[in-house]
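Working notes, structure below.
The numbers here are math on the coordinates, done by the rules we state, and not lab data. Note that the structure is a prediction, hence the values are computed from the model and not measured. Here the Cβ positions follow ideal geometry from the backbone for every residue, glycine too, while neighbour counts run over all protein chains shown.
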Amino acid sequence: MSHFNTCAVCDTAIGHQFLMCPSHWHLVPRQMKSEVYRCWIDLRAVAHLTLGPERQRAQAEYDEMRAAAINAVNERLQAREAYLRQHQAPPERTLPQRTPTTPRKGGHRADHE
Ligand SMILES: [Zn+2]
């Protein structure tokens, strides 16, 4: 088991005690954030118990809040995307251009300037 988690929305590595990376967590409505947090605290409070109804309930509650928060973020992201598309309709999109990136190796190579 690693000590890292990835964001529930993107692939950013985050600490295992977090649900999302900061930029996505930021999109969770304030009230929902505190709900998720409360459920998480509840879950932690019963984490020492062997799996029983109390722990199962806390887990189920947390899972539900977690899913709701992820949903809220996805909805916001979609709404933002739709808004952007509407307000600055890009000219017909072709395949994204592949811009070759030249990784700088070493760094001491003095190319002529
Ligand atoms: Zn993220």
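Taking 0.36 nm per residue of separation and subtracting the Cα-Cα distance, full extension of the segment from ASN5 to LEU84 would add 25.4 nm. Close amide H partners of MET20, meaning residues 5 or more places away or on another chain with modelled amide H under 5 Å apart, are ALA8.
Computed 3J(HN,Hα) for segment 42-47, one whole-Hz value per residue from the Karplus formula 6.51 cos²θ - 1.76 cosθ + 1.60 where θ = phi - 60°, is 4, 5, 5, 5, 10, 5, glycine and proline marked x. Close amide H contacts of ILE14 (hydrogens built in the peptide plane, cut-off under 5 Å, sequence separation of 5 or more or a different chain): ASN5, THR6, CYS7. Relative contact order of segment 1-47, taken over Cα pairs closer than 8 Å and 6 or more residues apart, is 22 percent.
Taking a sphere under 13 Å around the Cβ of ALA72 and counting the other residues whose Cβ falls inside, with K and R at +1 and D and E at -1, yields a net charge of +2.
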